[in-house]
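Participant: My structure is below; once you've seen it, I'll send some questions.
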Amino acid sequence: MNRSRRLNKRSRRPHLVLCGVLSIVCAWAPIGLAAPPLTTGLQQNVTFDDYSPLSSGMELARRLLSPLSFQRLQHMLAAKHEAMRAQSIDLAQEKFIVYMPTGAPPKDGYGLLVFVPPWPQAELPHGWATPLDRHSVIYISAANAGNDADVIERRAPLTLLAYVNIRARYPLDGTRVYIGGMSGGARVALHIALAYPDVFHGALLDAGSDPIGTAQIPLPAADLFRQFQQSTRLVYLTGGDDQDHLRMDEASRSSLQDWCVFDVDTETMQHLGHETADATSLNRALDALEKSSRVDPDKLAQCRARVERELSAKLADAQTALTRGDRDGASKQIEAINASYGGLAAPKILELQNEFGAGR
């Protein structure tokens with residue numbers, strides 16, 4: 001079996017740990033000069049030197065963490081008299097693999113697939129060149145960004161820096177900028193897509209997914225989540241014999257419906273288990289990503305109104321518990337709201353937490 005099809009057994013572990021963020025301290029990475037464009041075909045051990053505020057430690061934490069987790073991080077850093085480092089990645093030490101499709105770029109620019117792997121090596125999965133050529137999609141993946149790597153320190157910033165550096169060198173069709181991954185990498189890809197809908201307008205989830213609106217994958221701030229609902233296309237691609245991950249996909253898609261995310265497609269790879277997509281399946285997935293469905297504005301508005309009513313009721317219940325002095329009940333409700341609603345609950349959730357803390 002091709003090594004790109006091996007399952008890293010660590011892919012099921014919780015993939016966002018707050019402790020990893022605390023090591024991002026006190027430095028600024030320089031902005032590099034744009035390198036010459038790459039030639040067509042497969043390029044290995046590629047290096048880049050362009051940085052972006054999108055990949056800064058503070059921006060990553062703000063987008064990827066829940067409001068209370070982000071606030072606690074800031075308090076811990078302040079107590080240590082430390083500041084978050086602008087960039088956790090030293091690009092001079094990083095290697096990427098890039099596949100440039102053959103032929104001239106389309107009129108609107110290339111598509112781009114930034115791939116988050118579960119394995120540590122940077123590689124192009126077997127057979128993927130042909131569908132990438134057909135769709136004029138650039139492929140890029142970083143080394144040492146597998147399931148053993150921390151999300152905020154490495155996997156997310158490497159993903160964003162891959163996008164930034166390709167964008168600086170090639171004409172891109174912004175509507176065809178995708179993030180993808182396999183297994184644990186797909187789970188991370190979903191989290192990053194949720195936090196960065198202003199960058200990625202599609203996500204390819206190859207044999208890996210999670211529910212959103214949880215402690216592991218909190219919802220982002222309201223403005224970002226509205227953009228995610230309106231402009232992000234999600235394609236699930238899992239082997240027909242991979243029963244465990246098909247069930248995970250079902251739970252993930254159910255959560256998307258609950259949170260008013262409707263532009264979703266499901267592609268099953270017949271007779272495959274927990275394996276990286278083959279060329280035919282990738283081609284279908286890229287087709288599906290390009291066929292974004294128009295979200296019904298009335299359906300979306302009604303769904304959003306329902307979520308807002310539910311959130312308002314939960315916030316009111318937490319406030320009532322605080323007012324009557326039920327600190328244990330209030331604490332549990334505040335934590336539950338933070339975990340489930342994430343950035344949608346800000347700034348009220350922070351006000352409640354500050355009131356709770358002031359009452360000690």
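The values are calculated or read from the model by the stated rules, or taken from the named source; none is laboratory data. In this text the structure is predicted, and so the values were computed from the model without any measurement. Ideal geometry is used to build each Cβ from the backbone, glycine not excepted, and the neighbour counts take in all protein chains shown. Side chains included, ligands, DNA and RNA excluded: accessible areas come from the protein's heavy atoms. Shrake-Rupley method; radii C 1.70, N 1.55, O 1.52, S 1.80 Å.
Participant: Tell me which strands (runs of 3 or more DSSP E) are completely within segment 89-142 and hold 3 or more residues being more than 22 Å from residue 208 (Cα to Cα), or say none if there are none.
Facilitator: Qualifying strands (runs of 3 or more DSSP E): 96-100.
Participant: Here is a further query. Has segment 335-348 got any residue that is surrounded by fewer than 16 Cβ atoms within 10 Å (Cβ to Cβ) and over 23 Å from residue 264 (Cβ atoms)?
Facilitator: Yes: one or more hits.
Participant: Which of the residues belonging to segment 23-54 are buried (at least 16 other Cβ atoms within 10 Å of the Cβ) and either touching a Ser or Thr at 6+ places or on another chain (Cβ under 8 Å) or modelled with pLDDT under 50 (or both)?
Facilitator: Hits for segment 23-54 are 24, 29.
Participant: Let me spell it out: the conditions are (1) open to solvent by 10 Å² or more (accessible area, probe 1.4 Å); (2) assigned to a loop (DSSP other than H, G, I, E, B), and residue 147 meets all of them except one. Which number is the exception?
Facilitator: Single failed check for residue 147: (1).
Participant: In segment 317-334, which residues are open to solvent by 50 Å² or more (accessible area, probe 1.4 Å) and in a helix (DSSP H, G or I)?
Facilitator: 317, 320, 323, 327, 328, 332, 333
Participant: Here's another thing I want to ask about it. When you go through 255, 312, 209 one by one, which is the residue that is without any contact (Cβ under 8 Å) to a residue 24 or more places away in the chain and of a type in the set (Ser, Thr, Tyr)?
Facilitator: Criteria check complete, one pass: 312.
Participant: Taking segment 81-134 as the search range and keeping residues that are open to solvent by less than 10 Å² (accessible area, probe 1.4 Å), of a type outside the set (A, V, I, L, M, F, W, C) and within 24 Å of the chain's Cα centre (by Cα), which one is nearest to residue 284 (Cα to Cα)?
Facilitator: The selected residue is 131.
Participant: Look at segment 229-251 and say how many of its residues are more than 13 Å from residue 194 (Cα to Cα) and out of contact with any strand residue (DSSP E or B) (no Cβ under 7 Å at 6 or more places or on another chain).
Facilitator: The total comes to 8.
Participant: Taking segment 135-153 on its own, how many of its residues are closer than 13 Å to residue 96 by Cβ and within 14 Å of the chain's Cα centre (by Cα)?
Facilitator: Residues flagged as closer than 13 Å to residue 96 by Cβ and within 14 Å of the chain's Cα centre (by Cα) within segment 135-153 amount to 1.
Participant: Can you name the residue in segment 228-282 that is of a type in the set (Gly, Ala, Ser) and within 21 Å of residue 119 (Cα to Cα) and, of all such residues, is nearest to the chain's Cα centre (by Cα)?
Facilitator: Ranking the qualifying residues of segment 228-282, first place goes to 277.
Participant: Looking only at segment 134-176, count every residue that is under 20 Å from residue 105 (Cβ atoms) and charged (D, E, K, R) and tell me the total.
Facilitator: Residues flagged as under 20 Å from residue 105 (Cβ atoms) and charged (D, E, K, R) within segment 134-176 amount to 5.
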